[in-house]
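Have a look at the structure below before the remarks.
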Amino acid sequence: MKMPARSVLIVDDEKQIRRFLRSGFEIEGFHVREAASAVEALHSINLNSPDVIILDLAMPDNEGDEVVRQLRTWSRIPIIVLSVRSSEAEKVRLLELGADDYVVKPFGMGELLARVRAALRRQHEVNPKQSVFTVGRISIDIGSHTASLDGAKIVLPPKEFRLLQVLAQHAGRVVTHQRLLNEVWGPTHVADTHYLRIFVRKLRQKIEADATQPSILLTELGVGYRLAAPDPVENISAVSEAG
């Protein structure tokens, strides 16, 4: 039986950008809706809940981050933010606010589609009651507090296990320094980024073929860390371009 088409809501006040994005998504089989303002976007989301939202931050009637803030009070629809602002602080702020990903303009359609597919996979694969997470070569069993690499058990102290667990629960998505520190060490340590550097180095020595050239536990400079999730072959080049 044929699966129904995914739906995407494109929120941007520039008609030519909406036209460009619509064309790219329709070629990939998405059902596309558009909104040119924050008010129009929220109205559309309430009427026709999309599978994913592409949101430009600069809206004529409101900042896009207000759309993220409002939407996160009642929905977990994946949100991919588009912006010309490329500062690390801005990326951290939007990710902490609830955006699923952040794409800096200008960007390639291949990159955006790869990030959308990754967000949709996470949306449907993450189960809050899930006790076993498998990400590529790594498997983490929360119930038994064990982890394995290619089927071989890895010995991890509690803090290293907890760090790997949090990253695995958000595989493919950047987890900010502040969130990792809060989840693993508690709210009194959200500024102690040296803890993360030390423990990430220890983890890499146990799960990477070459800890100096990591391919599993990746650094997002100035923002946080990401556990790489396997992507379909056709998305590899686009993900590489996204850096």
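Values quoted throughout were computed directly from the atomic coordinates according to the rules given, and no laboratory measurement underlies them. These numbers come from a predicted model, not from an experiment. Note that we place each Cβ from the backbone using ideal geometry, even for glycine, and neighbour counts take in every protein chain shown.
Could you tell me what a quarter of the Cα convex hull surface of the chain works out to, in nm² with one decimal place? Intermediate results must be reported in sequence, preceding the final value.
Details: hull surface 57.4 nm².
With every direction weighted equally, the projected area is 14.4 nm².
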Looking at the range 35-159, how many pairs of lysines come closer than 28 Å at the Cα, when each pair is eight or more places apart or spans two chains? 4
Helix 193-207 axis, angle to the chain major axis (alpha carbon atoms, nearest 10°): 70
Obtain the nm distance between the two label points defined at H31 and A191 by a simple spin-label model: each point lies 7 Å from its Cα along the Cα-to-C-beta direction. 5.0
Acute angle (nearest 10 degrees) that the helix 88-97 long axis makes with the longest principal axis of the chain, alpha-carbon atoms: 80
Could you state the angle between the C-alpha long axis of helix 38-47 and the longest principal axis of the C-alpha atoms of the chain, as a value from 0 to 90 degrees rounded to the nearest 10? 80
